[in-house]
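Chemist: This is the structure I have questions about; it appears just below.
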Amino acid sequence: MNILSSDPAVAHAMQNELERQRNGLEMIPSENFVSRTVLAALGSVATNKYAEGYPGKRYYGGCANIDVIESLAIDRAKQLFSAEHVNVQPHSGAPANNAVYAALLSPGDTILGMDLSHGGHLTHGHPVTDGAKRYNFLRYKTTADGAIDYNEIEHLAREHKPKMILVGYSAYSREIDYARIALIAKEVGALTMADIAHIAGLIAGGEMNNPVPLFDVVTTTTHKTLRGPRGGMIICKAVHAKAIDKMVFPGMQGGPHENGIAAKAVAFGEALQPDFRIYAQRIRANAKVLEHELRQRNFTLMFGGTDNHLLLIDVSNKGVTGAQAEVALDHAGITVNKNTIPNDPRGPMDPSGIRLGTPAITTRGLNVEHMPLIAEWIDRAIAHHNDLDALRAIGHEVKTLMSDFPLYPNLSYID
Ligand code: DSN
């Protein structure tokens, strides 16, 4: 008997979600499928334990085993990213970023970060966030041809003397010149922070530049390309370790989620294996071929294409909005998200673009040979966005393909 089936209401919804994940093409670039080992650690007895504090310095008894688990997560993360210090307790990316700001800055300090519509992140100073009330965020933009404008960053940094320069993005698809940013920061006396949430797995797999040796602080989530559990992590130079640890706990969080930390340890162990490097290579190869195939079908790629795992596409020349494209693709079994594009004339609930990526489909086992078919499906679904029968027909084709790439075989939440 499946244990969850003793709660039929939850079990049925969970089974439906499992089937949705099995049958579709998961192309939201921030999503992935964890291993069964990571799943097992998440659903483990570590969830029962309070362990406020850090390994060897806890405010609760009975933490010896938890100390081993958390130390494994820390040591493996340090090895993965060549880090001096790691805190694995942040519950996710936004709390990690907020803890760094609070640890290293004072209210009113200036932070230079990228505008959300140009690929940045909400927590990098969007006016709707609490952080935007506490700090003076200045937001740089990409150039007309889609690159990061390092000259503008330099100009803004010289003019405004920020306390921190922030790079790392959630919809930007090109490599980042961390050395150039570090030079600008040094000149104006700013701290450097990189939010590598989207590309952490590509960095760990040796496919993209690693900011850790150059930057003061690097934050990430653990559940995107890194293929771990939903969670966050802060990597920093030893000189910032005390301030950051104190701000994560007790400054901002209470008891760490040790089941999540156990799952992080497992995921980092997996990312240290040689085949994770091959996985990272395949993510990029798939994205590059998909870029080519979509271009052939007259799609407009922002930032001039991709160096990483994601593509930001302006769909307005296809006669649809981002929201219409997202819904049509959903009906066709292809999950993407609507997304604003640089200088988007439309709003975030119905923007001009969609964002899609290859980490999850690469985990499923799809390779470059499948990308032309996927581009064809995307093109067909958007062209027939008002034709539910046509969309469902694509969904059927998607399901047939994905049945050749089993997800969690033998897993079931119902009897
Ligand atoms: N929500 C994440 C993403 O989809 O990129 C960023 O926080």
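Chemist: Only one residue in ILE203, ILE148 is under 20 Å from the mean Cα position of the chain (by Cα), over 22 Å from ALA99 (Cα atoms), crowded, with 21+ Cβ neighbours inside 10 Å and at pLDDT below 95. Which one?
Modeler: Going through ILE203, ILE148 in turn, just one is under 20 Å from the mean Cα position of the chain (by Cα), over 22 Å from ALA99 (Cα atoms), crowded, with 21+ Cβ neighbours inside 10 Å and at pLDDT below 95: ILE148.
Chemist: Which count do you get for residues in region 116-135 that are crowded, with 20+ Cβ neighbours inside 10 Å and within 19 Å of the chain's Cα centre (by Cα)?
Modeler: Residues meeting the conditions: 9.
Chemist: Considering (1) within 16 Å of the ligand (Cβ to nearest atom); (2) crowded, with 24+ Cβ neighbours inside 10 Å, say which one LEU112 fails and leave the rest.
Modeler: That leaves (1) as the condition not met.
Chemist: Using the structure shown, decide if ALA9 is more than 27 Å from the chain's Cα centre (by Cα), in a helix (DSSP H, G or I) and hydrophobic (A, V, I, L, M, F, W, C).
Modeler: yes
Chemist: Which ranges mark the helices (runs of 4 or more DSSP H) fully within region 117-197 that have 3 or more residues being away from the ligand (no atom under 16 Å from the Cβ) and within 20 Å of ASP216 (Cβ to Cβ)?
Modeler: 150-160, 178-188
Chemist: Another question about this same structure. Given the conditions (1) among the acidic types (Asp, Glu); (2) assigned to a loop (DSSP other than H, G, I, E, B); (3) over 25 Å from ASP387 (Cα atoms), report the number of the one that ASP350 does not fulfil.
Modeler: For ASP350, the exception is condition (3).
Chemist: Here is a follow-up. Which members of region 337-354 meet the condition of being within 23 Å of ALA393 (Cα to Cα) and buried (at least 24 other Cβ atoms within 10 Å of the Cβ)?
Modeler: ILE354
Chemist: If we scan region 258-275, do we find a residue that is touching a strand residue (DSSP E or B) at 6+ places or on another chain (Cβ under 6 Å) and not β-branched (Val, Ile, Thr)?
Modeler: Looking for residues that are touching a strand residue (DSSP E or B) at 6+ places or on another chain (Cβ under 6 Å) and not β-branched (Val, Ile, Thr), one finds none in region 258-275, hence no.
Chemist: Here is a follow-up. Among (1) under 18 Å from PRO29 (Cβ atoms); (2) in a loop (DSSP other than H, G, I, E, B), there is one condition GLY206 misses while meeting the rest; what is its number?
Modeler: Looking at each condition in turn, GLY206 falls short on (1).
Chemist: Let me ask something additional. How many of the residues making up region 13-51 are away from the ligand (no atom under 16 Å from the Cβ) and part of a loop (DSSP other than H, G, I, E, B)?
Modeler: The total comes to 8.
Chemist: Follow-up question, since we're still on this one. Which residue, of ILE414, ILE354, is under 30 Å from THR143 (Cα atoms), hydrophobic (A, V, I, L, M, F, W, C) and touching a residue at least 12 places away in the same chain (Cβ under 8 Å)?
Modeler: Exactly one of ILE414, ILE354 is under 30 Å from THR143 (Cα atoms), hydrophobic (A, V, I, L, M, F, W, C) and touching a residue at least 12 places away in the same chain (Cβ under 8 Å), namely ILE354.
The values are calculated or read from the model by the stated rules, or taken from the named source; none is laboratory data. As the structure is a prediction and not an experimental result, all values here were calculated from the model. Here the Cβ is made from the backbone with ideal geometry for all residues, glycine too, and neighbour counts use every protein chain on show.
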